[in-house]
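The values are calculated or read from the model by the stated rules, or taken from the named source; none is laboratory data. Owing to the predicted nature of the structure, the values given are computational and were not obtained by experimental measurement. Every residue, glycine among them, receives a Cβ derived from its backbone with ideal geometry; neighbour counts consider all protein chains shown. The area values use the complete protein model at the heavy-atom level, side chains included, leaving out ligands, DNA and RNA. Shrake-Rupley method; radii C 1.70, N 1.55, O 1.52, S 1.80 Å.
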Amino acid sequence: MRPWNFSAGPSTLPLEVLQQAAAEMTDWRGSGMSVMEMSHRGKHYMQIRDEAEADLRELLGVSDDFAVLFMQGGATAQNALVPLNLIGRNGSGKADYLVCGSWSNKSYKEALRYGDIAVAASSGEETELDGGKYAPWTWFPAVDTWRVRPDSAYVHLCSNETIGGVEFMDWPDMAELGAPGVPLVIDASSHILSRPFDFSRVGMVYAGAQKNAGPAGVTLVIVRKDLIGHASPACPSALDYANVAQADSMFNTPPTYAIYVAGLVFKWLKKLGGVEAIERENIAKAELLYGYLEQSGFYSNPVHRPVRSRMNVPFVLADESLNSTFLAESEQAGLLALKGHKLVGGMRASIYNAMPLAGVQALVDFMRDFEKRHG
Ligand SMILES: *Cc1c(COP(=O)(O)O)cnc(C)c1O
């Protein structure tokens, strides 16, 4: 059996997907070519690409009002490409950012180069909630505290902060915030396809594939068609959403192999029953792990309960001097990559779609045993 891999990204892929990619490595379905060796404009690859887009649309319920783009540069490049493509949409040159963790803070800082950027709300300070104290980046600002300018080109948020382990899904109707028509732009890198998304509430969703959707190298961009076509003259042609959409993501050579493997992940997910089915599994996994952390005095999770991420679960040991022992023993037990992000310390278990309940059970069993021996 393979070890359980809790890496935050690139992260574990479904074994079936890896096995299929291996079986098709040197000869894709009688074509005589590896997918890596095919022309991106040939009939074999066109089929792979078209099916990947159709399956992604079906899984997420994305209508024809949206373009689905396969891009490169990761979510990090989108930090510049979002303003370069969208801030000229309505002539205001303005955009508002929710700054609620390491990733959205990076998005905000990059955007400052491209327009009149304001903070809609931030969780960068310690706060008191429900009678408890919460450190920066461990909570999410209530929607009624957001300040959104009615003439902003968009509002940006990160709906799952991979490092802090904060997930926010109550996407508001902007009309309720006095900013009707201002589209939400969402970095969903680390939880796309883990649950249904309400596309009626968003203008754009983007995600690097390597957390929950496939290998590194392809970035998924799902953007409402009426928002594009106003890119800044400084935007590289190959990265102008309108150009990429018009060329079916073939404005230049796309990351063909990464798209192919992501396409296999989409088919795997459809076979499992889609995002509703995987959501039930993800809830069960999160309840198992958080439930264990809750009753333990040995481990703890710092995040405000209503916004704890189902995908990324940071936790600390009460006795930090045991960290290296925990990591060494967990690796020995076949539980990989549990070391927390350096900004947060402690441990982090990323339990994406491809991590089955049995893997989380193995983690909890190990943690219980470790607590018994060291607690
Ligand atoms: C990993 C991650 C990024 C950065 O992705 P790259 O592909 O490395 O650019 C951005 N946002 C979130 C939420 C992430 O999890």
| Quotient of Cα Rg and 2.2 N^0.38 Å for the chain, N being how many residues it contains | 1.01
| message | Counting only protein heavy atoms and a 1.4 Å probe, tell me what percentage of region 287-353's accessible area is made up of carbon and sulfur. | response | 52 percent
| task | Would you work out what percent of the accessible area of region 2-53, with all protein chains in place, is carbon or sulfur (probe 1.4 Å)? | result | 54 percent
| said: On a 26 Å Cα-Cα criterion, which of the cross-link pairs K211/K270; K285/K372; K267/K342; K133/K372; K211/K267; K211/K342 come out too long? | reply: K267/K342; K133/K372
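Per residue, how large is the accessible surface of region 275-374? Use a 1.4 angstrom probe and give square angstrom.
Accessible surface, normalised per residue, equals 44 Å².
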| query | By per-residue mean of other Cβ atoms within 10 Å, what is the highest-first order of 347-357, 331-341, 291-301? | reply | 347-357, 331-341, 291-301
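When N is the residue count of region 275-374, what does its C-alpha Rg come to as a fraction of 2.2 N^0.38 Å? Working shown, then result.
Values: Rg = 12.9 Å, N = 100, 2.2 N^0.38 = 12.7 Å.
For region 275-374, the normalised Cα radius of gyration is 1.02.
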| note | A correct Karplus calculation of ³J(HN,Hα) over region 250-255, with 6.51 cos²θ - 1.76 cosθ + 1.60, θ = phi - 60°, whole Hz and x for Gly and Pro, returns 10, 4, 9, 4, x, x
| request: Determine ³J(HN,Hα), in whole Hz, for all residues of region 173-186 in sequence, where each value follows from phi through the Karplus function 6.51 cos²θ - 1.76 cosθ + 1.60 and θ = phi - 60°; x replaces Gly and Pro. | output: 7, 4, 4, 5, 9, x, 9, x, x, 7, x, 7, 10, 10
| task | Quick one: work out the % antiparallel among DSSP beta bridges in the chain, nearest 5. | result | 60 percent
| query | Per residue, what accessible area does region 16-271 have, given a 1.4 Å probe and all protein chains present, in Å²? | reply | 39 Å²
| Carbon plus sulfur fraction of accessible area for region 193-236, probe 1.4 Å, in percent | 50 percent
| What dipole magnitude, in Debye to the nearest 20, does the chain give about its Cα centre under +1 on Lys/Arg Cβ and -1 on Asp/Glu Cβ? | 520 debye
